[in-house]
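Q: Submitted below is the structure of interest, expressed as structure tokens.
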Amino acid sequence: MDGQIVQQRSSYRQGLVLGLTMAEIMILLVFCLLIAMATFLKREESRRIVAEQALQQQLRENEQERSVLAELKPNAALGEKVQDISGLSDPQAIDKYWRELVDARTVVAEIEKSGLPVKEFREGLANVAALRANGIDVDKAIRDAQIVAAINRAMTKPGQPPVLTQAILDAIDRGVNASGPGGHQWPPIIRMSEADGYYFRTRSAELSPAFRDTLLNETPREILDYIKKYDVDVIEVVGHTDERPLQGRQFSNLDRDLTAVLNNTAGVVSLIPADNAGLGLARAVSVVSVLRQSPLLAGYKIIPLSGAQLVNTDETLALDGSLEDVQQRRRIEIRLRKSAPRDAAVEAAPLIPVLTPQP
């Protein structure tokens, strides 16, 4: 029995290859062939798709060429004219030239549709070519023109004609010089002190005749010159006093009578200040009431302010408490500046501001 089993196992092993029967090997071979065939078919499918796309593209081009030829055949004169104008003899070159003509006509139609005349467009292209021929950057030239236009809009006042080019150049020059070593070019301060002969009555806002005459005749012309030169429109009149206190004043009527003086319904002599802050403001109001009478300053904002006894002539704070009689300290300062959008005209202002330094 053992001999028969060994003989059977030996005969069985004679039909194996690498442990596989012939049937199993045939199945593996068929499977590998199927995989190879699938890969080949996939590659051929990709090639077929590419070939079909190229064929479709060629067909479209042929169709376009046939359409062009169909358009040219009924009108042989047109074809000859195109050939004469282009100077070409190759059909493909003529076809390209014809397509460029069609594209150019489409562009012209779009330009006309936008509202820009073709003549103006041509002139613009000629100007661009001229700028480039002279070494000028077209984009920079456009930006410069936009800047000048913005300055023109900012400087032109409502109801007035556009400002002159020279005025724009002056404004730009002032801006350039403002950043130089000398700092900003502000309008100079007009100072009118007792030391220069500009007097008020003692402890009063009433002007001396000579002071009033100057404010009516000379000062408006000087202010107007600065307004035109520096392009400003706000006139601030600041009243200053020395540090000697007012004696014997227990009340003030400034809250009640200041606007009446500015409206010319009350005289300056009616103002009764109780301290130096009030006296400085009353004197500023007195000067403003005279300047408002000048037709040269009509339309400009004239604002009265008070520096009281707190500002020295060198624009430092007066903190020493000196009781000396200093004529230079008793003065009027006229300052000019450009108005901000929030500024209101003095005619519409119900309150008169007082300059009081903050600690």
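The values are calculated or read from the model by the stated rules, or taken from the named source; none is laboratory data. It should be emphasised that the depicted structure is a prediction, and the values quoted were computed from it without experimental measurement. Glycine gets a Cβ as well: all are built from the backbone with ideal geometry, and neighbour counts include every protein chain shown. Each accessible area value is taken on the protein alone, full model and side chains, heavy atoms only, with ligands, DNA and RNA left out. Shrake-Rupley method; radii C 1.70, N 1.55, O 1.52, S 1.80 Å.
Q: Restricted to the range 241-270, and to residues that are surrounded by fewer than 12 Cβ atoms within 10 Å (Cβ to Cβ) and more than 48 Å from the chain's Cα centre (by Cα), which residue is nearest to L317 (Cα to Cα)?
A: Checking each candidate, the answer is P245.
Q: Quick one: is R99 out of contact with any strand residue (DSSP E or B) (no Cβ under 6 Å at 6 or more places or on another chain), loosely packed, with under 11 Cβ neighbours inside 10 Å and modelled with pLDDT under 80?
A: The answer is no for R99.
Q: Among E236, E243, which is the only one that is charged (D, E, K, R) and closer than 30 Å to T156 by Cβ?
A: E236
Q: If you scan the range 202-216, which residues turn out to be open to solvent by 30 Å² or more (accessible area, probe 1.4 Å) and farther than 18 Å from L258 by Cβ?
A: Listed by number, the residues that qualify are T202, P209, A210, R212, D213, L216.
Q: Considering only residues of the range 155-196 that are among the polar types (S, T, N, Q) and modelled with pLDDT under 60, which is most open to solvent (accessible area, probe 1.4 Å)?
A: Among residues in the range 155-196 that are among the polar types (S, T, N, Q) and modelled with pLDDT under 60, the one most open to solvent (accessible area, probe 1.4 Å) is S179.
Q: Next up: Counting only residues that are in contact with a helix residue (DSSP H, G or I) (Cβ under 6 Å, 6 or more places away or on another chain) and outside any loop (DSSP other than H, G, I, E, B), which one in the range 263-281 is modelled with the highest pLDDT?
A: Only one residue fits best here, namely G278.
Q: With respect to G280, is the statement that it is open to solvent by less than 10 Å² (accessible area, probe 1.4 Å), within 24 Å of K301 (Cα to Cα), touching a His at 6+ places or on another chain (Cβ under 7 Å) and of a type outside the set (S, T, Y) true?
A: Considered against the rule, which asks whether it is open to solvent by less than 10 Å² (accessible area, probe 1.4 Å), within 24 Å of K301 (Cα to Cα), touching a His at 6+ places or on another chain (Cβ under 7 Å) and of a type outside the set (S, T, Y), G280 comes out as yes.
Q: What is the one condition in (1) closer than 26 Å to K338 by Cα; (2) of a type in the set (S, T, Y); (3) exposed (fewer than 14 other Cβ atoms within 10 Å of the Cβ) that Y230 does not satisfy?
A: Unmet condition: (3).
Q: When you check S289 against the structure, is it crowded, with 19+ Cβ neighbours inside 10 Å, closer than 20 Å to S208 by Cβ and modelled with pLDDT of 85 or more, yes or no?
A: When the stated conditions are applied, S289 passes them.
Q: Within the range 283-337, work out how many residues are β-branched (V, I, T) and part of a loop (DSSP other than H, G, I, E, B).
A: 3
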